[in-house]
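Worksheet: the structure to be examined is printed underneath.
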Amino acid sequence: MKRVSLIAILTAVMITAASAMCFADDELKLVSSYPEDGQKNTSMENLGVKLTFNHPINTAEAKKANLDKFAIYDEDGKAVPVEILFSDKNDGLVLVLADIDKGFTAKNNSEYRLVISPGVVDNDGRELANEQTVSFKTYNQKVNNMVNMAMMIVMFGGITLLSVRQQNKKEEEEVPKDAPKEAAFNPYKEAKRTGKSIDEVKAEQARKEEKEAKKKARRKKKTEEPQEKKIENCAQYLNNVYHVHAPAPVSKEDRSVEALAAMRKAEKAPKQTKTKSKGSKGNQRKK
């Protein structure tokens with residue numbers, strides 16, 4: 001008997017707990033929001049709140065019934081024009097956006113508050129029992145601009161420092177490590193060594209330094225301005241290019257080797273006759 005009564009009591013408790021869970025599941029609840037309640041440094045662009053409920057709200061009747069259940073207020077308590085969007089794909093997703101087409105402009109470092117009125121219904125008629133509030137604050141544009149400016153200054157400073165170090169390293173590499181270091185010029189010591197006056201020693205050193213500076217300038221100019229190399233004979237640098245001694249004959253019949261040889265012989269003949277005529281005139285004068 002006792003065992004039967006114990007089983008009955010346990011069964012009643014389980015039924016009560018299950019019914020409580022069913023009734024709890026029947027209630028419409030707000031599961032999450034973005035931004036979250038109390039969040040700071042939110043974006044000023046597309047100001048709004050993304051809401052997720054535990055039941056879908058996307059039928060035509062539910063949309064129509066819930067249009068006046070969402071509102072956004074600024075920190076002065078003034079209502080912001082909003083646009084409410086219900087998702088047809090994601091069940092329970094609702095977007096409450098500030099309507100910029102009606103002249104709304106988000107303020108810098110300002111607090112906004114979304115209020116969800118009780119009585120929001122889902123597709124099956126379940127209602128939201130209590131009012132829900134989500135407060136958030138936009139980011140401070142002035143502070144962000146100062147931080148960005150400081151980061152840019154640090155970045156450019158690092159780049160400049162790195163460039164200077166690389167340039168110094170390059171100059172050190174160009175100078176040989178084993179190069180002898182010139183001793184500092186001491187006019188008194190040089191005057192004592194040569195027996196000249198200090199003014200004479202200084203003047204000689206100045207002329208010497210000027211002459212050396214001119215030599216360095218000439219060397220630098222030669223290295224910076226490469227001289228153009230003149231090519232007198234292209235045949236020795238280019239393939240399939242041959243030096244032509246005389247123009248080729250015009251007609252196709254005269255382009256043989258024999259024709260070219262006869263033409264060159266004819267070109268040389270007048271020169272030989274001229275030399276012979278000059279020699280005969282000289283012999284006549286001698287006679």
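Read-outs: derived from the displayed coordinates by stated rules, not from any lab. Please read all numbers here as calculations on a predicted model, not as lab measurements. Cβ placement follows ideal geometry from the backbone for every residue including glycine, while neighbour counts extend to all protein chains displayed.
Things worth noting here:
- Selection from region 63-99 of residues that are of a type in the set (D, E, K, R) and touching a His at 6+ places or on another chain (Cβ under 8 Å): Asp91
- A count restricted to region 186-205 and to residues that are part of a helix (DSSP H, G or I) and either in contact with a Cys (Cβ under 8 Å, 6 or more places away or on another chain) or of a type in the set (S, T, N, Q) (or both) stands at 2.
- Condition check for Val49 on (1) crowded, with 17+ Cβ neighbours inside 10 Å; (2) part of a loop (DSSP other than H, G, I, E, B): one failure, at (2).
- Every condition in (1) acidic (Asp, Glu); (2) exposed (fewer than 14 other Cβ atoms within 10 Å of the Cβ); (3) touching a Pro at 6+ places or on another chain (Cβ under 8 Å) is met by Asp122 except one, and the failing one is (2).
- Residue in region 136-156 that is assigned to a loop (DSSP other than H, G, I, E, B) and closer than 30 Å to Phe86 by Cα present: yes
- Residues that are in contact (Cβ under 8 Å) with a residue 40 or more places away in the chain and small (Gly, Ala, Ser) were ranked within region 65-80; the one that is surrounded by the most Cβ atoms within 10 Å (Cβ to Cβ) is Ala65.
- Among the residues of region 81-99, just one is polar (S, T, N, Q) and either in contact with a helix residue (DSSP H, G or I) (Cβ under 7 Å, 6 or more places away or on another chain) or surrounded by 15 or more Cβ atoms within 10 Å (Cβ to Cβ) (or both), namely Ser87.
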